[in-house]
Amino acid sequence: MKKLRVGIIGTGFGAKVHAPVMQSHPGFEVVSIASVSRGRLDEIQEETGIKKVYGNWEEMLETEELDLVSVASAPLLHHDMVVKAFASGNHVLCEKPMAFDSIEAEKMIQARDAAGKLGWINFEYRFLPARQKVKEIISSGKIGKVLHVNFSLNIAGYERYATSKRGWLSQKDQAGGMLGAVGSHLIDSLLWWTDGKVEFVSGQLTTHVPEFVDENGEKEIRTADDAFQAMGIFVGGGTFNIGSNIAVRHAEGWELEVYGTEGTIKMLQDNKVLVGIGNGPLEEVDIEEALSVPEGMNPVAAGYFNAFYRSLDEVYKALSGDEMNPHLPVLENGYGVQVVMDAIRRSDEEGRTVLLEY
């Protein structure tokens, strides 16, 4: 198996998740990682085992001969990093959300086309067996025309959110908030499952915990959403509700309901799928078993392994010349999600339903 050389930008999620999962794949060699804040370089080297740790991501792009650049920085920085990675002659895997807005996302697509390279957005949850099964059932026509979808992720994170700083994730002008962090995944799966486009959307963004004061009296004012709700209509009919709240004490995680003219699908916790056809009962269907997590992998990476490894395997195949898996999310998918998120934000700001423009 040919080794593909990877450079990672971002020593937070990039070091905790991208590095160990990529290192566990026999086709990838992570040769370098770059810090955005230029700190903890020695610690990152020890933590990841990556020999070349840069304090300047642009220097890494200029110095290293890479096959793939993995951008795992804060969303506000994605545009510049992806554009320069393409210009440096690299293929790119970019974390979600793709950019600050759809205007930036469109420019990233243009940069890819100008470079003649490949680019993907890391909507890795598409490759979870439960989500693949949902896609298979909807595409088969077994439940008929999709009438309505409810999809949500609620996380029991109130204690953590109320007792610690959240940094850029809590700042609206830095592309923080749950709409980007969680909503981008919800929207991507929604569009992918249905092969649909959103025509109208109405959204509400909420900040339940608007500030945090540390033991030194330093205050962090939160301007980004820690919860959001949105409802909309697909082009050609069908409706949906999506939402997320991380500032609650108890939560059930991922929950999905898909109602069709001929049947219903329910998915719980991304590991159980139930289907009811006609007037028959909802019954659990078989899904592929989860992958075994490599021994010694840190708990954060382990939580993403089942989805991310499967996604990376498809990226490897595409870069090795195999036919690209149609489920692998390309930049156009990231752009489509940005259009919907932009409309949800606009709806919240203007207090009205928004007609989407593609």
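The values are calculated or read from the model by the stated rules, or taken from the named source; none is laboratory data. What you are looking at is a predicted structure, and each value in this text was computed from that prediction instead of being measured. Cβ placement follows ideal geometry from the backbone for every residue including glycine, while neighbour counts extend to all protein chains displayed. Calculation scope for accessible area: heavy atoms of the full protein, side chains included, ligands and nucleic acids excluded. Shrake-Rupley method; radii C 1.70, N 1.55, O 1.52, S 1.80 Å.
Odds and ends about this structure:
- Test for Asp188: is it of a type in the set (D, E, K, R), at pLDDT 95 or above, assigned to a loop (DSSP other than H, G, I, E, B) and on the phi < 0 side of the Ramachandran plot: no
- The residues of segment 13-45 that are surrounded by fewer than 18 Cβ atoms within 10 Å (Cβ to Cβ), of a type outside the set (Lys, Arg) and modelled with pLDDT under 95, listed by number, are Ser37, Gly39, Leu41, Asp42, Glu43, Gln45.
- Qualifying residue in segment 268-280 (condition: closer than 17 Å to Val182 by Cα and in a strand (DSSP E or B)): yes
- Wholly within segment 1-54, strands (runs of 3 or more DSSP E) carrying at least 1 residues that are in contact with a Lys or Arg (Cβ under 6 Å, 6 or more places away or on another chain): 28-34
- Residue among Glu314, Glu289, Glu295, Glu255 that is in contact (Cβ under 8 Å) with a residue 60 or more places away in the chain and assigned to a loop (DSSP other than H, G, I, E, B): Glu289
- Picking from residues in segment 151-170 that are of a type outside the set (Lys, Arg) and part of a loop (DSSP other than H, G, I, E, B), the one that is least open to solvent (accessible area, probe 1.4 Å) is Gly157.
- Between Asp188, Asp195, Asp173, the distinction of being open to solvent by less than 60 Å² (accessible area, probe 1.4 Å) and among the acidic types (Asp, Glu) belongs to Asp188 only.
- Close pairs (6 angstrom Cβ cut-off, 6 or more residues apart or separate chains): outside any helix (DSSP H, G or I) in segment 68-86, surrounded by fewer than 24 Cβ atoms within 10 Å (Cβ to Cβ) and among the β-branched types (Val, Ile, Thr) anywhere: Ser73/Val36
- Residue pairs whose Cβ atoms lie under 9 Å apart, sitting 6 or more positions apart in sequence or on different chains, and linking a residue in segment 140-159 that is β-branched (Val, Ile, Thr) to a partner that is surrounded by fewer than 14 Cβ atoms within 10 Å (Cβ to Cβ), are Ile143/Thr261; Ile143/Glu262; Val146/Gly237; Val146/Thr261; Ile155/Gly253.
- Being open to solvent by 10 Å² or more (accessible area, probe 1.4 Å), touching a His at 6+ places or on another chain (Cβ under 6 Å), part of a loop (DSSP other than H, G, I, E, B) and of a type in the set (A, V, I, L, M, F, W, C) is a condition met by no residue of segment 122-134.
- Within segment 87-103, considering residues that are without any contact (Cβ under 8 Å) to a residue 60 or more places away in the chain and part of a helix (DSSP H, G or I), the one nearest to Arg5 (Cα to Cα): Ala87
- Scanning segment 325-358 for residues that are modelled with pLDDT of 95 or more, part of a loop (DSSP other than H, G, I, E, B) and out of contact with any strand residue (DSSP E or B) (no Cβ under 8 Å at 6 or more places or on another chain) yields a total of 4.
- Those residues of segment 224-247 which are in contact with a strand residue (DSSP E or B) (Cβ under 7 Å, 6 or more places away or on another chain), in a loop (DSSP other than H, G, I, E, B) and surrounded by fewer than 17 Cβ atoms within 10 Å (Cβ to Cβ), in sequence order: Val235
- Every residue from segment 157-185 that is among the aliphatic types (A, V, I, L, M), under 24 Å from Ser347 (Cβ atoms) and either more than 20 Å from the chain's Cα centre (by Cα) or at pLDDT 95 or above (or both): Met178, Leu179, Ala181, Val182
- Test: residue in segment 334-349 that is closer than 15 Å to Leu93 by Cα and touching a residue at least 24 places away in the same chain (Cβ under 8 Å): yes
Let's see how each residue does on (1) farther than 17 Å from Lys165 by Cα; (2) touching a helix residue (DSSP H, G or I) at 6+ places or on another chain (Cβ under 7 Å); (3) at pLDDT 95 or above; (4) not aliphatic (A, V, I, L, M):
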site: Asp195; (1), (2), (3), (4): yes, no, yes, yes
site: Ser202; (1), (2), (3), (4): yes, yes, yes, yes
site: Thr207; (1), (2), (3), (4): no, no, yes, yes
site: Asp214; (1), (2), (3), (4): no, no, no, yes
site: Ala224; (1), (2), (3), (4): no, yes, yes, no
site: Val235; (1), (2), (3), (4): yes, no, yes, no
site: Thr239; (1), (2), (3), (4): yes, no, yes, yes
site: Ala247; (1), (2), (3), (4): no, yes, no, no
site: Val258; (1), (2), (3), (4): yes, yes, yes, no
